[in-house]
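Below is one structure; the comments refer to it alone.
The values are calculated or read from the model by the stated rules, or taken from the named source; none is laboratory data. On a predicted model such as this, the values are computed, not experimentally measured, just so you know. Using ideal geometry, Cβ is built from the backbone for each residue, glycine included, and neighbour counts are taken over all protein chains shown. Heads up: the accessible areas ignore ligands, DNA and RNA and are worked out on the full protein's heavy atoms, side chains in. Shrake-Rupley method; radii C 1.70, N 1.55, O 1.52, S 1.80 Å.
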Amino acid sequence: MINIDINKCNGCGLCVNDCIYNDIIIVDKKASALNTLCNSCGHCIAVCPQNAVLLDNYDIKDVIEFNPKNFTIKPDNLLNSIKFRRSIRHFKKKKVEVEKIKKIIDVGRFTPTANNNQPLSFIVVQNRMEELTKITMDLLYDYVNEYETYMNDPVLNQNIKYINRWKIMYDEYKKGKDLLFYNAPIMIIILHDRRKSPYTLIDGGLAATNMELMANSLKLGVCHSGFFTFAAENQNIRDFLYLPSNKYVVTSLLIGYPDIKYLRTVPRKKPEIQWF
Ligand SMILES: Cc1cc2nc3c(=O)[nH]c(=O)nc-3n(C[C@H](O)[C@H](O)[C@H](O)COP(=O)(O)O)c2cc1C
């Protein structure tokens, strides 16, 4: 709910203009909130020159005054860091500090979500990585064994190209080599709540991208684990993570200190663009 301090409000109307739901009007030369359709986007807080707006149920300590010194990113540096980002598959045996994990999750929290539904939540796996590796490896190997069964299934057979890889992964795992999670010290799992939003897959993907950028800026490396995300549909893993029926894994990020140095960026396909 929008809360306007009428003693501070100077009736400038900037919040009225920027409210997509027309949920603020001017009454007696002061802004007045209707609070009918508000989605708590917070634009009214951000735009108010008098700092006269609050949102109930939100922590005002989250709000930081804009200062170009600390808020501006140089475009070429941003482009370079995005080009230089790599999926990391070699990690040092070094713990990731809790403060850094919290910072990465904070970035996920502040990434935009459709209609500001904020349907995401996060699981940090750190102490039980070995257990989770075993459960996931066993499960993927079960799929290898079931290969014949779902070979003709148009949905499941998309994974057939992975069957050989899972088999090799399993054989290597038995010899002590982890080609699934690459011995990453932690995994952050991004969950969406189907009750809160139908658009959550995109929300989770956007959060993951920003989280990866933040991890990189903290000198950490990241690799998405699509194999885990796939396996996480299975009840064994859902039970392991204590997932309620409304929550689903969107993506999962393996994170740790990189044990590899890249010296340059990589090439990519030219963009396919239509200009109208
Ligand atoms: C959604 C998603 C799932 C992925 N799953 C895996 C995975 O399970 N295992 C893995 O080693 N890499 C995985 N990757 C990493 C991709 O293979 C990698 O991004 C791609 O080869 C390009 O390399 P780069 O990230 O270094 O640019 C995944 C990447 C994405 C975006």
**Request:** Working carefully through the options Val250, Val266, find the one that is out of contact with any Phe, Trp or Tyr (no Cβ under 7 Å at 6 or more places or on another chain) and part of a strand (DSSP E or B).
**Result:** Val250
**Item:** Residue pairs meeting the criteria (Cβ under 6 Å; at least 6 apart or on separate chains; first within 23 Å of Gln50 (Cβ to Cβ), in segment 63-74; second open to solvent by 100 Å² or more (accessible area, probe 1.4 Å))
**Value:** none
**Request:** Considering (1) surrounded by fewer than 19 Cβ atoms within 10 Å (Cβ to Cβ); (2) within 17 Å of Thr113 (Cβ to Cβ), say which one Ser197 fails and leave the rest.
**Result:** (1)
**Item:** Hits in segment 46-83 - residues which are closer than 12 Å to Met1 by Cα and either in contact with a Cys (Cβ under 9 Å, 6 or more places away or on another chain) or open to solvent by 80 Å² or more (accessible area, probe 1.4 Å) (or both)
**Value:** Val53, Leu54, Leu55, Asn57, Tyr58
**Prompt:** Does Ser225 satisfy being over 14 Å from Ser252 (Cα atoms), buried (at least 17 other Cβ atoms within 10 Å of the Cβ) and in the same structural domain as Phe84 (by TED's automatic domain parsing)?
**Reply:** no
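Residue-by-condition table, conditions (1) assigned to a loop (DSSP other than H, G, I, E, B); (2) open to solvent by 70 Å² or more (accessible area, probe 1.4 Å); (3) out of contact with any Lys or Arg (no Cβ under 6 Å at 6 or more places or on another chain):
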{"residue": "Lys177", "(1), (2), (3)": "yes, yes, yes"}
{"residue": "Met187", "(1), (2), (3)": "no, no, yes"}
{"residue": "His192", "(1), (2), (3)": "no, no, yes"}
{"residue": "Ile202", "(1), (2), (3)": "no, yes, yes"}
{"residue": "Ala208", "(1), (2), (3)": "no, no, yes"}
{"residue": "Glu212", "(1), (2), (3)": "no, no, yes"}
{"residue": "Ala215", "(1), (2), (3)": "no, no, yes"}
{"residue": "Lys219", "(1), (2), (3)": "yes, yes, yes"}
**Prompt:** Looking only at segment 235-253, which residues are open to solvent by less than 50 Å² (accessible area, probe 1.4 Å) and over 22 Å from Tyr199 (Cα atoms)?
**Reply:** Ile237, Phe240, Leu241
**Scan of segment 14-33 for residues that are surrounded by 14 or more Cβ atoms within 10 Å (Cβ to Cβ) and part of a loop (DSSP other than H, G, I, E, B), ordered by number** = Cys19, Asp23
